[in-house]
Structure formats: structure tokens, C-alpha cells
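A short reminder: the numbers here are calculations on the coordinates, not readings from a lab. Quick caveat: nothing in here was measured; it's all calculated off a predicted structure. Cβ sites come from the backbone with ideal geometry, for glycine too, and all protein chains shown count toward neighbours.
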Amino acid sequence: MSTTELRFDVEGMSCGGCAKSIVNALTKLDTVEEANASFENAEAIVQTSLPASQIIEAIEDLGFDATLK
């Protein structure tokens, strides 16, 4: 399965710890090759073959709001 880069707007991050929590959760998902999050830019970038809805669900499970860019 090929991977694609997905970009998400993420609301609710207030520090680097928030971004790190998102990265830790996303990298535990199957087929996520790379995940980055920036609270300064309020975004997450993910290399995966998962559908965007699964990434959004994982981010929202942490208490943040996420939308596909």
C-alpha cells in the first residue's frame, strides 16, 4: 500500500508537549511512517496509507480538534 502525506489543522495545542502527545499517538498507528506536529503552526503532517478519518479520530481522542487541510 502506498503512503501519502496528509496535512491537518489542529486546534487546541498550547505547547510542545501537546504536539509531542499527538506525534506519539500517531506513530503507534499501523502504516504511519512519519508524523510531525507543530503547536506554533497548529498543524500535523502525517505520512501514511490510512484514511484521513482515522488520523482525525486519533487526534480527537487526545482532546484536540483536527480537520484535513
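Annotations for the structure displayed:
- Residues that are polar (S, T, N, Q) and closer than 16 Å to K69 by Cα, drawn from region 1-41: T4, N36, S38, N41
- Leading residue by the ranking (nearest to F8 (Cα to Cα)) among those in region 47-69 that are over 10 Å from the mean Cα position of the chain (by Cα) and among the charged types (D, E, K, R): K69
- Screening A25, A42, A35 for residues that are out of contact with any His (no Cβ under 7 Å at 6 or more places or on another chain) and at positive phi leaves exactly one candidate, A42.
- In the chain, counting only strands (runs of 3 or more DSSP E) that sit wholly within it, the ones holding 3 or more residues that are surrounded by 15 or more Cβ atoms within 10 Å (Cβ to Cβ), touching a residue at least 12 places away in the same chain (Cβ under 8 Å) and touching a helix residue (DSSP H, G or I) at 6+ places or on another chain (Cβ under 8 Å) span 4-11, 32-38, 43-48.
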